[in-house]
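**Q** Below is the structure I would like to discuss, written out as structure tokens.
The values are calculated or read from the model by the stated rules, or taken from the named source; none is laboratory data. Worth saying up front: this structure is predicted, and the values here are computed from it rather than measured. Ideal geometry is used to build each Cβ from the backbone, glycine not excepted, and the neighbour counts take in all protein chains shown.
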Ligand SMILES: NC(=O)c1ccc[n+]([C@@H]2O[C@H](COP(=O)([O-])OP(=O)(O)OC[C@H]3O[C@@H](n4cnc5c(N)ncnc54)[C@H](O)[C@@H]3O)[C@@H](O)[C@H]2O)c1
Ligand SMILES: [Zn+2]
Ligand SMILES: [Zn+2]
């Protein structure tokens, strides 16, 4: 089959690889009908996440049709079912899965010993990601093996196009969880850094959850316009000071809730000396992340407020203002998304027409154009916000 394969830094190719096969009784194989490129894939593209190996198949936002099931799938899935695949592989049975903490499932990371060493505890296995999370082949491919398929799936009905359902795999529940973690009340101002696909979902989620005011921050005009279309007030950090504007918009008090939809690869600007230092340190491997957004959020968040971090960080972040964080009594909530905790509710909202996540798609292309689209998405060329690939 054809698949997008990681060969090294900024080197992803559409290769012919061996078709996946059932390896375990709980496996299923799907024929992929749609998949997408995520901001998290860019961290792998830039080789900022340790533990990738040449030959790894990319992709963790995937849906398709079940073509084969193992004997242990137990009637939960059958040939012909249409499923969205959550990016987190879950067993459904361990202590964490029982609590709904699916992204830290205790059993699905087949390279648990690596994660235990690096993070202190293992996380769930993830599709198309580092070997720290299992090194499972991803879904930017014609076929995908879904391990623990009896639990790791979201069954979706016929009659709704792929484009409306695909993002249940990741960015829709990710933006949703980021907003839910803020415990939004009707008087809140929620400030959201980053208007990429995750930021766009977080903006709409914060509005659906009843925030008084949502302020979205980025520098890319097409993403800022998309945020405005949802009802957000926007700040272009290239033209104005984020800290001053946020204070102005909150009577000098600062937003109660702050969401980081940027993560470890913040823009680097001369006006932000900390980002220049982070970049220099990143180049000589003295720091793995560029946590400018975390610093800004801790500084501007209203005392007693909540900082929610869906943005991915990989290792070590320097110069985090712990003094401000502690003395202001802030709370931080973060994590890879517990996808299946949210998807029944979110699927229902899509079916009811409350939200149509396909608004974020700007490019739909054949899988073979994937390598080129990684560049376009990374460079934000051609007003690119979200790429869907069709195998
Ligand atoms: N927690 C999870 O489970 C999960 C799931 C999906 C994605 N993510 C992470 O979410 C983040 C965003 O993903 P995406 O797909 O939207 O990526 P993206 O790269 O398309 O979007 C990031 C946006 O942030 C903007 N930005 C950069 N620096 C900024 C700054 N200092 N202030 C404000 N905006 C800034 C960029 O212009 C861009 O529009 C990534 O780190 C990704 O890895 C996490
Ligand atoms: Zn993702
Ligand atoms: Zn589990």
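**Q** Take the residues of the range 292-324 that are assigned to a helix (DSSP H, G or I) and surrounded by 19 or more Cβ atoms within 10 Å (Cβ to Cβ): which is farthest from ligand 1 (Cβ to nearest atom)? Break it down into steps so the answer makes sense when it comes.
**A** Step one: filter the range 292-324 for residues assigned to a helix (DSSP H, G or I), giving 292-300, 322-324.
Next cut, surrounded by 19 or more Cβ atoms within 10 Å (Cβ to Cβ) only: 292-298, 300.
Values: 292: 5, 293: 5, 294: 10, 295: 10, 296: 7, 297: 10, 298: 14, 300: 12 Å.
So, considering only residues that are assigned to a helix (DSSP H, G or I) and surrounded by 19 or more Cβ atoms within 10 Å (Cβ to Cβ), the one farthest from ligand 1 (Cβ to nearest atom) is 298.
**Q** Considering each residue of the range 247-280, count those that are over 22 Å from the mean Cα position of the chain (by Cα) and either within 16 Å of ligand 2 (Cβ to nearest atom) or in a loop (DSSP other than H, G, I, E, B) (or both), and give that number.
**A** Here is the first cut: in the range 247-280, the residues over 22 Å from the mean Cα position of the chain (by Cα) are 247-256, 269-280.
Okay, now just the ones that are also either within 16 Å of ligand 2 (Cβ to nearest atom) or in a loop (DSSP other than H, G, I, E, B) (or both), so 249-256, 269-272.
Number satisfying all stated conditions: 12.
**Q** Moving on. Can you give me the number of residues within the range 87-117 that are within 15 Å of residue 24 (Cβ to Cβ) and either surrounded by fewer than 24 Cβ atoms within 10 Å (Cβ to Cβ) or not assigned by TED's automatic domain parsing to the domain that holds residue 73 (or both)?
**A** Restricting attention to the range 87-117, the residues satisfying the condition of being within 15 Å of residue 24 (Cβ to Cβ) are 89-93, 107-110.
When the remaining residues are screened for being either surrounded by fewer than 24 Cβ atoms within 10 Å (Cβ to Cβ) or not assigned by TED's automatic domain parsing to the domain that holds residue 73 (or both), the result is 91-93, 107, 110.
Number of matching residues: 5.
Yes or no, residue by residue, for (1) in contact (Cβ under 8 Å) with a residue 40 or more places away in the chain; (2) under 26 Å from residue 313 (Cβ atoms):
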position	(1), (2)
120	no, yes
125	no, yes
128	yes, yes
134	yes, yes
137	yes, yes
143	yes, no
148	yes, no
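**Q** Would you mention how many residues in the range 52-89 are out of contact with any strand residue (DSSP E or B) (no Cβ under 8 Å at 6 or more places or on another chain) and either outside any loop (DSSP other than H, G, I, E, B) or within 16 Å of ligand 2 (Cβ to nearest atom) (or both)?
**A** Here the count works out to 2.
**Q** Continuing with this model, one more query. Check whether at least one residue in the range 326-342 is out of contact with any strand residue (DSSP E or B) (no Cβ under 8 Å at 6 or more places or on another chain), over 25 Å from residue 282 (Cβ atoms) and assigned to a loop (DSSP other than H, G, I, E, B), and report yes or no.
**A** Yes, the conditions are met somewhere in the range 326-342.
**Q** When you go through 388, 376 one by one, which is the residue that is in a strand (DSSP E or B) and either closer than 18 Å to residue 84 by Cα or within 14 Å of ligand 1 (Cβ to nearest atom) (or both)? Write out each step before concluding.
**A** Working: 376 fails: in a strand (DSSP E or B).
From the options 388, 376, the qualifying one is 388.
**Q** Still on this structure, please answer the following. At negative phi and part of a helix (DSSP H, G or I), is that true of residue 174? Write out each step before concluding.
**A** Values: at negative phi: yes; part of a helix (DSSP H, G or I): yes.
Spelling it out, residue 174 is indeed at negative phi and part of a helix (DSSP H, G or I).
**Q** Considering only the range 230-245, state which residues are in contact (Cβ under 8 Å) with a residue 40 or more places away in the chain and surrounded by fewer than 24 Cβ atoms within 10 Å (Cβ to Cβ).
**A** Here is the first cut: in the range 230-245, the ones in contact (Cβ under 8 Å) with a residue 40 or more places away in the chain are 232, 242-243.
The answer is 242, 243.
**Q** With the condition kept exactly as written, say whether any residue in the range 153-162 is under 27 Å from residue 84 (Cα atoms), in a loop (DSSP other than H, G, I, E, B) and free of Cβ contacts under 8 Å to residues at least 12 places away in the same chain.
**A** Taking the range 153-162 and keeping what is under 27 Å from residue 84 (Cα atoms), we get 153-162.
Imposing the further condition that a residue be in a loop (DSSP other than H, G, I, E, B) reduces the set to 153, 156-161.
From the residues that got through so far, the ones that are free of Cβ contacts under 8 Å to residues at least 12 places away in the same chain too are 159.
Checking the range 153-162: at least one residue is under 27 Å from residue 84 (Cα atoms), in a loop (DSSP other than H, G, I, E, B) and free of Cβ contacts under 8 Å to residues at least 12 places away in the same chain.
**Q** Any idea which residue in the range 217-231 is nearest to ligand 2 (Cβ to nearest atom), counting only those that are closer than 14 Å to residue 204 by Cβ and more than 18 Å from the chain's Cα centre (by Cα)? Before the answer, list the steps.
**A** Let us first name the residues in the range 217-231 that are closer than 14 Å to residue 204 by Cβ, namely 223, 226-231.
With more than 18 Å from the chain's Cα centre (by Cα) added as a condition, the list becomes 226, 228-231.
Working: 226: 18, 228: 24, 229: 23, 230: 20, 231: 25 Å.
Once the filter is applied, the top-ranked residue is 226.
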